[in-house]
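For reference, the structure is listed below as structure tokens.
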Amino acid sequence: DAVINIRYGSSAVMQGAAEVMAQTTWAVKNSGDWSVASNWTTDKSGQSYINPEGKIPTAEDNIIIPAGREIVYNGTDSLKVVNMTVEGQLTIANEGVAVQGTAIDGSGVVKVPSTKGVSFENITSFKGTWEVTHSNTMGDMVLSSVVISGGTQILEGDLTIMGDVVIKNGAKVIFGPG
């Protein structure tokens, strides 16, 4: 822990060590499982493999899923990221997962094929195609250029529409608790 002593008329003096959390932007290099380090690179284009420490994204990171690539989240814990750009496909494979972050952007697909709901929490902006076959619960959402192609979506917060939102035949959106 860092201790800061400030005296009137003088500057701050740092004592001890302070840990700084660095935010990394990860791109999918190879399609496959989220938890496999060789599928991730810090090259934002996703072309070159740069991951010398063999890491995977954490809750403090940004994610890019390039076109033509699919990453499958097989975890059972919450999927936490800062921002995610989906030009390819993100598949949430297990039921009951909470996707948490700030924004999901891009023209790709977020696919939720499991049989029970996946919740989207603190996602203040979603743009892309939402392909589901079952119910989901969403908090406050800002939707922009979204296609909802299936399932029942329950919105338990405020909805702001910033562009085209298409709800295809077979999909249902419920406003208020399900």
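All of the numbers you see were taken from the coordinates with simple rules; none came from a lab. Computed from a predicted model, the values in this text were never measured in an experiment. Here the Cβ is made from the backbone with ideal geometry for all residues, glycine too, and neighbour counts use every protein chain on show.
Across region 75-80, in residue order, what do the Karplus-derived ³J(HN,Hα) couplings come to in whole Hz, using 6.51 cos²θ - 1.76 cosθ + 1.60 with θ = phi - 60° and x for Gly and Pro?
Per-residue couplings from phi come out as x, 10, 7, 4, 8, 10 Hz.
Quickly work out the LYS172-to-SER35 label distance, labels modelled 7 Å from Cα along the C-beta direction, and quote it in nm with one decimal.
3.4
Under the Karplus relation 6.51 cos²θ - 1.76 cosθ + 1.60, θ = phi - 60°, what is the ordered set of whole-Hz ³J(HN,Hα) values for region 95-111, x standing for Gly and Pro?
My calculation for region 95-111 gives 6, x, 7, 9, 8, 10, x, 10, 9, 10, 10, x, 10, x, 10, 9, 10 Hz in order.
For a quick check: with amide H placed at 1.01 Å from N, whose amide H comes under 5 Å from LYS80's, ignoring anything fewer than 5 positions away on the same chain?
Under 5 Å from the amide H of LYS80 lie the amide H atoms of GLN100, each far enough along the sequence or on another chain.
Test of understanding: what is the full-extension gain from ILE56 to VAL165, defined as 0.36 nm times their sequence separation minus their Cα-Cα distance?
Extra length from ILE56 to VAL165 when fully extended: 36.0 nm.
Label points 7 Å out from Cα along the Cβ direction at ASP158 and LYS44: separation in nm?
According to this spin-label approximation, the distance is 3.0 nm.
Report the label-to-label distance for ASN74 and ASN122 in nanometres (one decimal), using points 7 Å from each Cα along the Cα→Cβ vector.
Placing both labels 7 Å beyond Cα along the Cβ direction yields 2.7 nm.
So what J values fall out for region 24-36 if you push phi through Karplus, 6.51 cos²θ - 1.76 cosθ + 1.60 with θ = phi - 60°, rounded to Hz, Gly and Pro as x?
10, 9, 10, 10, 6, 8, 10, 4, x, 7, 4, 7, 9
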